[in-house]
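The structure appears right after this line, and notes come after that.
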Amino acid sequence: MILSKKNGLLAAATLTGSLALMGTGFAQDATTPPPVTPEVAYIFNTLLFLIGGFLVMFMAAGFAMLEAGLVRSKNVSMQCLKNISLYSIAGLMYWVVGYSLMYTGVDGGYIGTFSPYGWDDVGGNALATGYSTASDWFFQMVFVATAASIVSGTVAERIKLWPFLIFVVVLTGFIYPIAGSWKWGAGWLDG
């Protein structure tokens, strides 16, 4: 399509005017941003834990699809059942004993406490940590479930369902949290 000289001048004038308006935004005096309050840091840190957890959760779904594609067609439903079951078991075991083993009561020792973890109240003490402990639990839980999912793919078509689920209970409730507490729970590797 050919533009007439009049339309071309109009387009050039519009473009020049738009660029001139954009230039005025850059010419303003730079101001320093307001300081980050503990409440704002709490919100963004919690959001970061949740977004990261959702991405890892989708990664676990990808592992399930990969494993389903690598096994014989008669074992696809069993492999998908293993992945769904391990996520359920990982969530429960990490809440019942895992999170407490990983984070509470380590104090330079080897393991934390064997008790269900109660979430911090929003505000108050939670602002001192800088994030919601429930979002941290979710973030760590999806990683412990992913560790179990990797094992699920490794032993695909080589193990029955119940022995695998017993292993998932041990891995997600005890092995992963104790090893994690040595570093992230202020244990002996953290020093």
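No lab work stands behind these numbers, since they all come straight from the coordinates. Since the model is a prediction, treat every value here as computed from it, not as a measurement. So basically every Cβ, Gly included, is an ideal-geometry build from the backbone, and we count neighbours across all protein chains shown.
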- Message: Sorted from largest to smallest, which semi-axis lengths in Å does the alpha carbon gyration tensor of segment 48-106 give for its equivalent ellipsoid, taking the root of 5 times each eigenvalue?
- Response: 28, 15, 7
- Message: Less than 13 Å Cβ to Cβ from W184, Lys/Arg counted +1 and Asp/Glu -1: what total charge do the surrounding residues give?
- Response: -1
